[in-house]
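J.: The structure is given below, and queries will be raised subsequently.
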Amino acid sequence: MAAPALPDFDELALELVHLEHRVGDVERRLVKAQDRQTAFPNVVTERHVASLTAELAQTRAAMDAIRAQLVPIMRTR
């Protein structure tokens with residue numbers, strides 16, 4: 001019986017770092033868009049804020065999924 005293939009933990013960790021940087025970028029863009037929406041409310045900016053909010057949620061969900069896969073190597077005894 002063959003052992004199940006393990007994920008490449010180094011690749012997952014690198015992807016997690018990439019996503020953490022992306023979250024910071026999206027958060028900065030979201031704050032700017034929200035400020036713009038507050039100062040000059042319009043439909044286009046409202047859609048942009050909604051789009052960035054959805055992107056941020058998707059990125060955070062992807063990070064959570066990667067962290068779940070990294071649990072075996074993150075455990076300490």
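The values are calculated or read from the model by the stated rules, or taken from the named source; none is laboratory data. Only a predicted model underlies this, so the values are computations on that prediction, with no experimental measurement involved. A quick note on method: Cβ atoms are made from the backbone with ideal geometry, for glycine too, and the neighbour counts reach across all protein chains shown.
J.: Could you list, in sequence order, the residues of region 11-49 that are more than 19 Å from the chain's Cα centre (by Cα) and either among the hydrophobic types (A, V, I, L, M, F, W, C) or within 14 Å of R60 (Cα to Cα) (or both)?
T.: Result: A39, F40, V43, V44.
J.: All but one of (1) more than 30 Å from M74 (Cα to Cα); (2) surrounded by 10 or more Cβ atoms within 10 Å (Cβ to Cβ) hold for V23, so report the exception by its number.
T.: (1)
J.: Being in a helix (DSSP H, G or I) and free of Cβ contacts under 8 Å to residues at least 24 places away in the same chain is the filter; apply it to region 1-19 and report the residue that is farthest from E46 (Cα to Cα).
T.: Residue satisfying both the conditions and the ranking: D10.
J.: Let me ask another. Considering (1) assigned to a helix (DSSP H, G or I); (2) over 23 Å from A68 (Cβ atoms), say which one P41 fails and leave the rest.
T.: (1)
J.: Here is a check on your reading of the model: is R22 assigned to a helix (DSSP H, G or I) and farther than 22 Å from L70 by Cβ?
T.: Spelling it out, it is not the case that R22 is assigned to a helix (DSSP H, G or I) and farther than 22 Å from L70 by Cβ.
J.: Exactly one of (1) part of a loop (DSSP other than H, G, I, E, B); (2) touching a Phe, Trp or Tyr at 6+ places or on another chain (Cβ under 9 Å) is unmet by P72. Its number?
T.: (1)
J.: Still on this structure, please answer the following. What residue, of R47, R75, R28, is at pLDDT below 95 and exposed (fewer than 13 other Cβ atoms within 10 Å of the Cβ)?
T.: On inspection, the qualifying residue turns out to be R75.
J.: Mind checking which pairs have a first residue in region 44-59 that is more than 10 Å from V26 (Cα to Cα) and a second that is assigned to a helix (DSSP H, G or I) and small (G, A, S), Cβ under 9 Å, 6 or more apart or different chains?
T.: T45/A33; H48/A33; V49/A33; S51/A33
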